[in-house]
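Following: one structure in structure tokens, then a few remarks.
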Amino acid sequence: MNLIKKSQRINEKLLNDAKKFLRAGKTEKETELYILKRIYEYGCDGPSFNPIVAFGNHSSFPHHQNTSRKLKKGDVVLLD
């Protein structure tokens, strides 16, 4: 299997995992750590950059630095 296809399959799994993990009260940092853990569990060497997790108005900031902000019902979620 070529590496791009393998990468895409892993990214799809990560997105599905994150969607199951996310619920009101989870923080951006908790979500980042969860995603990082899953990256290594899927056998990857590591991310090319730390995951960006942004809730609510934080999603409007390019290169957002994850915080202890908690997810609220109705928040926009940005994962990169």
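The values are calculated or read from the model by the stated rules, or taken from the named source; none is laboratory data. The structure presented is a predicted model; accordingly, all values stated were derived computationally and were not measured. Cβ: placed from backbone, ideal geometry, glycine included. Neighbour counts: every protein chain shown. Protein only, heavy atoms only, side chains kept; ligands, DNA and RNA dropped before computing areas. Shrake-Rupley method; radii C 1.70, N 1.55, O 1.52, S 1.80 Å.
For P47, the criteria (1) out of contact with any helix residue (DSSP H, G or I) (no Cβ under 7 Å at 6 or more places or on another chain); (2) not in a helix (DSSP H, G or I) hold in every case but one, which is (1). Could you list, ordered by first residue, the pairs with Cβ atoms under 6 Å in which the first is in region 18-39 and more than 14 Å from N66 (Cβ to Cβ) and the second is open to solvent by less than 40 Å² (accessible area, probe 1.4 Å) and not in a helix (DSSP H, G or I), at least 6 apart or interchain? Short answer, once both residue conditions are applied: A24/L71. Cβ-Cβ distances below 9 Å connect the following pairs, each with a first residue in region 51-80 that is part of a strand (DSSP E or B), a second residue that is of a type in the set (S, T, N, Q) and surrounded by fewer than 12 Cβ atoms within 10 Å (Cβ to Cβ), and a separation of six or more residues or different chains: A54/S60; L78/S60.
Quick check on region 10-17. Is at least one of its residues outside any loop (DSSP other than H, G, I, E, B), modelled with pLDDT of 95 or more, of a type in the set (A, V, I, L, M, F, W, C) and in contact with an Asp or Glu (Cβ under 6 Å, 6 or more places away or on another chain)? Scanning region 10-17 turns up no residue that is outside any loop (DSSP other than H, G, I, E, B), modelled with pLDDT of 95 or more, of a type in the set (A, V, I, L, M, F, W, C) and in contact with an Asp or Glu (Cβ under 6 Å, 6 or more places away or on another chain). Which members of region 9-42 meet the condition of being among the charged types (D, E, K, R) and open to solvent by 70 Å² or more (accessible area, probe 1.4 Å)? Those that are among the charged types (D, E, K, R) and open to solvent by 70 Å² or more (accessible area, probe 1.4 Å): R9, E12, K13, K19, K20, R23, K29, E30, K37, E41. Summed over region 22-44, the residues that are outside any loop (DSSP other than H, G, I, E, B), in contact with a helix residue (DSSP H, G or I) (Cβ under 9 Å, 6 or more places away or on another chain) and hydroxyl-bearing (S, T, Y) give a count of 2.
So, in region 43-60, of the ones that are at pLDDT below 95 and open to solvent by 90 Å² or more (accessible area, probe 1.4 Å), which residue ends up nearest to the chain's Cα centre (by Cα)? By that ranking, first place goes to N50.
Return the residues of region 1-17 that are of a type in the set (V, I, T) and either in contact (Cβ under 8 Å) with a residue 12 or more places away in the chain or under 22 Å from H63 (Cα atoms) (or both); say none if nothing qualifies. Within region 1-17, I10 is the sole residue that qualifies.
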